[in-house]
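Structure, as structure tokens:
The values are calculated or read from the model by the stated rules, or taken from the named source; none is laboratory data. Bear in mind that the values here come from a model prediction, so they are computed numbers and not experimental data. Cβ atoms come from the backbone with ideal geometry, glycine included; neighbour counts cover every protein chain shown. We work out accessible area using only protein heavy atoms, side chains counted, and drop any ligands, DNA or RNA first. Shrake-Rupley method; radii C 1.70, N 1.55, O 1.52, S 1.80 Å.
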Amino acid sequence: MLREVFVGIDIAEDILDVHVLPQETAFVCKNNANGRKQLIRRLKKEAPHVIAMEASGGYEIRVAAELAAAHLPVAIVNPGQVRDFARGIGKLAKTDAIDAYVLARFAQTNKVEPKPLPSEAEQLIKDLVRRRRQLIKLRTGEKNRLHRVRSQPIRQSILVVIQTLDEQIRNIEHDLNDILKSSSVAPEKEEILKSFKGVGQVTARMLLTLLPELGNATRQQIAALVGVAPLNKDSGKMRGKRMIGGGRADVRSALYMPAVCASQHNPIIKALYQRLIRAGKPGKVAITACMRKMLVILNAMLRKKCSFEPLCC
């Protein structure tokens, strides 16, 4: 009987630490063109079921792309889940070699399946959305500081920075819009999503690009994929506060402003938002609930191939 082979790769800027299970073999390759070629040749001999690596700030992208191009099965896994798994199996120490072993064990224990890598356009969209979010956070910090300073030279300095950040955000939004215009999304799906008041062309294209499961998942699955499903925090008689976690931050970021708009202008989302506010829920909690409601409705609209009006979902 053939045993399934699971590989974990810990990726650093210069070095790739590799662990193979169930053989319990470990080796190291340089993270350069020649080193990655050697890695591919060796892993092809192992015929792995899956090669697991963490999302590690972009270092993993080139390695994963070259492995996938060589027809090797790759899965980029959630670092938080891997860290929790490491603590669960008693691996409290942290080295690159240990991390590679933990990744292989994580893949083996959880039967991780290979996942298709994002296309170049999808990756660029994710990078632009992430950068836009970073710039908005910086701008918010500068605006908050502006309200507290009295010195005119400091105020002028902050205003210059805010102006620069505004320009950078506009440039990113322009680039993002150009990419989304040329993206190969289905026009009929885009029109269905745009029929929902609060969802424009950019948001529709981002959802179809970054969330291809939309229309093919259950309401629970789509909420969990995006990370807007409230998670229980209960133990015994204690009932903890429900909180969201995990999921695709880039999709949540893309949905935030449409949800704010829908909470003012879309009748279903507006009613939900007002009900939650009247019940004493914080504004961000109410908007998160609106995002989840929007996803559920948009998912049903695509599944049933119907526009928002007349509402058939």
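Proximity of backbone amide H atoms, modeled 1.01 Å from N, is registered between Ser195 and Phe308 at under 5 Å, excluding neighbours fewer than 5 places apart on the same chain. Once the convex hull of all Cα atoms in the chain is built, its volume per residue stands at 211 Å³. For region 1-77, the set of GluC sites (Glu not before Pro) satisfying both a DSSP loop assignment and a count of at most 10 other C-beta atoms within 10 Å is given as Glu13, Glu24. Mean residue ellipticity at 222 nm, helices only, the chain: -19500 deg cm²/dmol; runs of at least 4 DSSP H residues each add -39,500 (n - 2.57), and the sum is divided by the number of residues. Calculated accessible area for region 73-231 comes out at 58 Å² per residue, all protein chains present (probe 1.4 Å; ligands, DNA, RNA ignored). Taking the accessible area of region 94-146, probe 1.4 Å, and keeping the other protein chains in place, the carbon and sulfur fraction comes to 53%.
The overall shape of region 66-186 is oblate: from the C-alpha gyration tensor, with semi-axes ordered a ≥ b ≥ c, the ratio a/c is 1.5 or greater and a/b is no larger than b/c. Put a plus charge on the Cβ of each Lys and Arg, a minus charge on the Cβ of each Asp and Glu, and nothing anywhere else: the dipole of the chain about its Cα centre is then about 1580 debye. The slack in the chain from Glu213 to Asp178, taken as 0.36 nm per residue of separation less the alpha-carbon distance, amounts to 10.3 nm.
Cross-linked pairs Lys137/Lys284; Lys270/Lys293; Lys111/Lys304; Lys30/Lys91; Lys126/Lys181: Cα-Cα separations exceed 21 Å for Lys111/Lys304; Lys30/Lys91. I'd like the distance separating the alpha-carbon centroids of region 203-222 and region 122-197, in whole Å. Distance between centres, Cα-based: 22 Å.
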